[in-house]
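The values are calculated or read from the model by the stated rules, or taken from the named source; none is laboratory data. Not measured: the values here are computed from a predicted model. A quick note on method: Cβ atoms are made from the backbone with ideal geometry, for glycine too, and the neighbour counts reach across all protein chains shown.
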């Protein structure tokens, strides 16, 4: 007997895909994973139906991404780096999802590193109705603050290797999760760049070269 489709409505019809966002935690000492209900659903399971393990996590990765993610997880467990990535997963129905994992270090009350915790963001679908409603209400503010939002989008695009639409989804998600205006989230992203380590000298030198020679790579044809 086939398993019931946990994503179907009561009448059996599947709803339009929505951009799921779910939380996860990886505890280093026990090598134990915890998933919130949306992460279970993202992988095609009913919440709590299986125990997430590293083996299960890797079994759902796209074959072309699996080795890369396995290396990231091994580095996380070895060096304590947050498990962050953009890759593809295959759910139990065989559907491919483009996901972004955004995480930070998890410290105990004494300040000791005990794990990594963050979010899975399914970039495959669209913002749900609630998300669209929030964005519609805030659209005037978004228009007024477009410059800083575009800056923040550019930062996310470069840092995570994602497109403009996906970067905007991430900013919109953070706005919804924290109940903070989108323009304020974007402004904080841009301001927090000052807290990052300075780029290596070689990177700056390479960018200098690109900046000073970019005129040679611009199409000379006038705009239509």
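When residue 148 is tested against (1) more than 20 Å from residue 100 (Cα to Cα); (2) free of Cβ contacts under 8 Å to residues at least 24 places away in the same chain; (3) assigned to a helix (DSSP H, G or I), just one condition goes unmet, and that condition is (2). So for the range 111-127 (the condition being touching a helix residue (DSSP H, G or I) at 6+ places or on another chain (Cβ under 6 Å), surrounded by 15 or more Cβ atoms within 10 Å (Cβ to Cβ) and not in a strand (DSSP E or B)), does at least one residue qualify? For the range 111-127, residues touching a helix residue (DSSP H, G or I) at 6+ places or on another chain (Cβ under 6 Å), surrounded by 15 or more Cβ atoms within 10 Å (Cβ to Cβ) and not in a strand (DSSP E or B): present. Restricting attention to the range 153-192, the residues being touching a residue at least 40 places away in the same chain (Cβ under 8 Å) and in contact with a helix residue (DSSP H, G or I) (Cβ under 7 Å, 6 or more places away or on another chain) number 11. In the condition set (1) at pLDDT 85 or above; (2) farther than 24 Å from residue 25 by Cα, residue 141 is compliant with all but (1). Within the range 93-116, residues that are more than 19 Å from residue 73 (Cβ to Cβ) sit with their Cβ atoms under 8 Å from residues that are modelled with pLDDT of 85 or more and in a strand (DSSP E or B), at 6+ positions apart or across chains, in these pairs: 96/88; 96/89; 96/90; 107/113; 107/114; 108/114.
For the range 173-182, the condition holds for no residue, the condition being that it is farther than 19 Å from residue 121 by Cα, assigned by TED's automatic domain parsing to the domain that holds residue 149 and part of a helix (DSSP H, G or I).
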